[in-house]
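The values are calculated or read from the model by the stated rules, or taken from the named source; none is laboratory data. As the structure is a computational prediction, the values presented were derived from the model and not from experiment. Quick reminder, even Gly has a Cβ in these numbers, built from the backbone with ideal geometry, and neighbours come from all protein chains shown. Please note that ligands, DNA and RNA were not included when accessible areas were found on the heavy atoms of the full protein model with its side chains. Shrake-Rupley method; radii C 1.70, N 1.55, O 1.52, S 1.80 Å.
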Amino acid sequence: MTSKTIANGILRAVAIIVGVLLLAYFLYKIQSVLAYLAIAAVIALLGRPVVLFLRRRLKFPNTLAVVATMVFMLGIFMGILALFIPLITEQSKNLSLLDINSLKADINALYIQILEYFGAPSGNIEDLIKDSHLDESMLKDLDFGFIPNFLNSFVNTLSNFSVGFFSVLFISFFFLKDSKLFQNGMLTFVPDNKESNLVKSVDKINGLLSRYFAGILLQLFILFVIYTISLLLVGVENAIVIAFLCALFNIIPYVGPIIGGVIMITLTMTSYLGADFSTVILPKAFYVFIGLVVGQLVDNFFSQPFIFSTSVKSHPLEIFLVIIIAGLLFGVVGMVVAVPGYTAIKVILKEFLAENSVVKKLTRNL
């Protein structure tokens with residue numbers, strides 16, 4: 001091996017490393033665009049059955065079917081968004097989010113009721129803090145004034161949301177209009193002798209993920225019904241909206257149900273703020289907790305095994321390990337995209353490495 005060969009090898013390796021780093025940096029800078037593409041792809045997968053129904057059964061032209069589907073899905077989204085207006089208004093009034101003094105008084109009242117119920121000596125929250133051994137700097141930092149700042153940040157986020165919203169709509173329209181658009185774009189980077197494998201992979205992934213997302217919608221609907229019944233039996237106002245919000249958190253595996261449960265119980269308690277804690281607030285929160293437990297039992301022993309076994313052709317334990325690993329590596333986002341990403345990888349491996357023994361065992365159910 002000559003020095004020229006070694007030098008060329010080193011230069012080639014450096015060039016590859018630099019190219020990978022530049023690609024990673026480029027993907028990092030356009031991460032918002034990638035997120036738009038991912039969301040649009042999910043919308044296209046969910047809307048594709050509607051488009052096919054309109055085209056095949058009602059004989060709609062392709063463009064008209066896509067427009068009708070987009071209007072239908074947008075109407076559902078706007079209807080769901082409109083449901084949250086009463087909830088935000090009511091909870092803002094209950095918690096007095098714009099009046100910090102009232103917020104302190106309400107929290108202090110609830111705190112006193114809890115202490116009295118458990119037989120502990122009551123006192124003011126601020127007095128309790130002063131009597132504790134907290135550092136003075138920590139006391140100065142403890143200020144309920146962060147709430148208005150948080151609300152202002154939330155409003156700014158909503159204003160920026162409009163750009164992403166219309167971008168997703170635009171991309172989703174063309175994904176629905178031309179189902180082969182994404183596939184044709186990928187074929188540009190694939191050798192001619194591998195094009196058939198890619199086409200089979202994309203078709204298989206589309207089929208599996210369409211069933212998966214449909215199963216997720218079924219899962220959320222079942223939880224929504226159970227939560228709604230629980231809240232209506234207790235008599236919580238805006239029960240439908242609260243149930244939908246908490247069911248939606250179930251999209252985040254394992255962590256989401258806990259967050260949704262805490263939100264549901266908190267909103268239930270704040271809905272009755274000012275009532276007697278022992279005879280009103282605590283019993284109602286307990287009944288809602290029972291509804292949460294029933295919902296999660298149904299979800300864990302019926303909904304999830306059904307979705308994972310029939311849609312993505314994977315064992316629940318296999319999915320559990322994938323979600324945990326993705327969560328450790330990429331956080332909450334990794335947990336959300338773990339199952340679709342893992343399914344896509346399995347399909348691609350089966351098409352391109354079908355003779356590999358490990359791949360055969362891993363993809364034998366596909």
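Quick one: which of K200/K361; K177/K313; K177/K361 span more than 30 angstrom between C-alpha atoms? The pairs that break the limit, which is 30 Å between Cα atoms, are K177/K361. With a 1.4 Å probe rolled over the protein heavy atoms of all chains, the accessible area of L297, L198 falls in the order L297, L198, largest first. Among 207-213, 39-45, 8-14, 299-305, sorting by the average number of other beta carbon atoms lying within 10 angstrom of each residue, highest first, gives 39-45, 207-213, 299-305, 8-14. If the segment from F165 to L282 were pulled out straight at 0.36 nm per residue, it would be longer than the present Cα-Cα gap by 38.1 nm. Report the rotationally averaged projected area of the range 240-357 based on its alpha-carbon convex hull, in square nanometres. For the range 240-357, averaging the hull's shadow over all directions gives 9.2 nm².
Taking the Cα centre of the range 191-326 as reference, the dipole from Cβ charges on Lys and Arg (+1) and Asp and Glu (-1) amounts to some 220 debye. Cα convex hull, the range 224-301: 72 Å³ per residue, rounded to a whole number. Subtracting the Cα-Cα distance of S357 and V293 from their residue separation scaled by 0.36 nm leaves 18.8 nm.
Between F26 and E237, the FRET efficiency estimated from the beta carbon spacing at R0 = 56 angstrom works out to 0.70.
For the set Y25, Y36, the ranking by accessible area, highest first and with no ligand, DNA or RNA atoms included, is Y25, Y36 under a 1.4 Å probe. Accessible surface for K180 stands near 80 Å², nearest 10, in the context of the full protein assembly shown (1.4 Å probe). The residue among C246, G207, L223 whose Cα reaches farthest toward the positive pole of the charge dipole of the range 188-263, with charges on the beta-carbon of Lys, Arg, Asp and Glu, is G207.
Using only the Cα atoms of the range 161-294, build the gyration tensor, take square roots of its eigenvalues as a ≥ b ≥ c, and label the shape rounded, prolate or oblate: rounded if a/c is under 1.5, else prolate if a/b is larger than b/c, else oblate. Verdict is prolate for the range 161-294.
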